[in-house]
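**Student:** The structure that follows is given in the form of structure tokens.
What follows is calculated from the coordinates using simple rules that are stated; it is not laboratory data. It should be emphasised that the depicted structure is a prediction, and the values quoted were computed from it without experimental measurement. Note that each Cβ is placed from the backbone with ideal geometry, even for glycine, and that neighbours are counted across all protein chains shown.
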């Protein structure tokens, strides 16, 4: 006998999106900083005007880009997960499985 999954409450949805956004930002931070540290020429090639500035730091640039892109991807993943879990709950509870 199947059991109806827990409903997606507002707090569960916010927690899911917050968690995935934060996880994405942290992963992006690490990956972007690693790219800037291991291959600084990458950001120099991608941003040639910025590379000419005396304050240019590829590690900081990579970290900043990684945080913003990772957070964006994490938020999208969280919203999709919430949508899928909500859809699953609606479909299962509509069938009346107890």
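**Student:** Post the alpha-carbon centroid distance, the range 67-98 to the range 18-33, in whole angstrom.
**Tutor:** The two parts, judged by their Cα centres, are 19 Å apart.
**Student:** Let me ask something else about it. Please sort 35-41, 6-12, 23-29, 61-67 by packing, taking for each peptide the average over its residues of neighbouring beta carbons within 10 angstrom, highest first.
**Tutor:** Ranking, from highest mean packing down: 61-67, 23-29, 35-41, 6-12.
**Student:** Any idea what angle helix 10-38 forms with the longest principal axis of the chain, computed on alpha-carbon atoms, 0 to 90 degrees, nearest 10?
**Tutor:** 20
**Student:** OK, next. Counting alpha carbon pairs within less than 8 Å and at least 6 residues apart, what relative contact order, in whole percent, applies to the chain?
**Tutor:** The value is 47 percent.
**Student:** Shifting gears a bit: Treating the angle as unsigned and between 0 and 90°, give the value, to the nearest 10°, between the Cα long axis of helix 58-95 and the longest Cα principal axis of the chain.
**Tutor:** That helix lies at roughly 10 degrees to the long axis.
**Student:** Further question on the same structure: For the ranges 49-58, 71-80, what's the packing order if you count other beta-carbon atoms within 10 Å of each residue, average per peptide, and put the highest first?
**Tutor:** Sorting 49-58, 71-80 by mean packing, highest first, produces 71-80, 49-58.
**Student:** Just to be sure I follow: if Rg is taken over the C-alpha atoms of the chain and Rh is the Kirkwood radius over the same atoms, what is Rg/Rh?
**Tutor:** Checking Rg against Rh, the ratio lands at 1.29.
**Student:** Report the percentage of all Cα-Cα pairs in the range 18-71 whose separation exceeds 14 Å, rounded to a whole percent.
**Tutor:** Result for the distance tail: 49 percent.
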